[in-house]
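One structure is given here, and the rest of the page talks about it.
Derivation of every value follows stated rules applied to the coordinates shown; laboratory data play no part. Owing to the predicted nature of the structure, the values given are computational and were not obtained by experimental measurement. Cβ: placed from backbone, ideal geometry, glycine included. Neighbour counts: every protein chain shown.
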Amino acid sequence: VVEALGAVPWLEVVDWAGAALLAVGVFFCLVAAIGLLRLPDTFSRMHAASKPQLVGLVFVCTGIVLDTLQWRWVVLGIVVVSLQILTAPVGSHLLGRAVSRTESAAPADLVIDELAEDTASSSLHDGS
């Protein structure tokens with residue numbers, strides 16, 4: 001078995017692994033895009049925009065690193081994924097809060113409206 005492993009062209013294995021990761025990443029990004037178009041309400045669309053898109057981006061960046069095998073792509077991939085991890089939750093939170101404040105979300109869609117409870121108990125009563 002060890003003799004057979006020595007004959008494996010490792011660069012070809014890494015290329016195939018990179019291509020597979022790219023394909024998986026593209027699939028997750030496609031699922032996120034379809035979710036944005038097909039899901040019924042804003043909160044479901046926010047979930048589709050943030051969760052599978054981030055996972056797809058991680059797979060795509062890892063696939064690019066494996067395909068290129070260059071350090072600059074490793075650094076760039078880490079920076080891109082880190083910035084996305086930092087900004088995606090903040091953007092989703094702000095969008096959800098804006099939708100809740102403008103009351104464009106149907107109250108029947110919300111099981112528990114914690115933001116309404118927080119703003120009702122606030123001493124300012126201005127929603128901040």
In nanometres, what is the gap between the two model label sites at VAL14 and ARG101, each 7 Å from Cα along Cα-to-Cβ? 4.9
Taking the Cα centre of each part, how many Å lie between the range 9-48 and the range 62-93? 14
Length gained when the stretch VAL31-LEU69 is fully extended (0.36 nm per residue, less Cα-Cα span): 10.9 nm
Where does each of 29-37, 81-89 land if you order them by average Cβ count within 10 Å, highest first? 29-37, 81-89
Viscosity 1.002 mPa s, temperature 20 °C, Stokes-Einstein D of the range 1-85 from Kirkwood C-alpha radius, µm²/s: 150
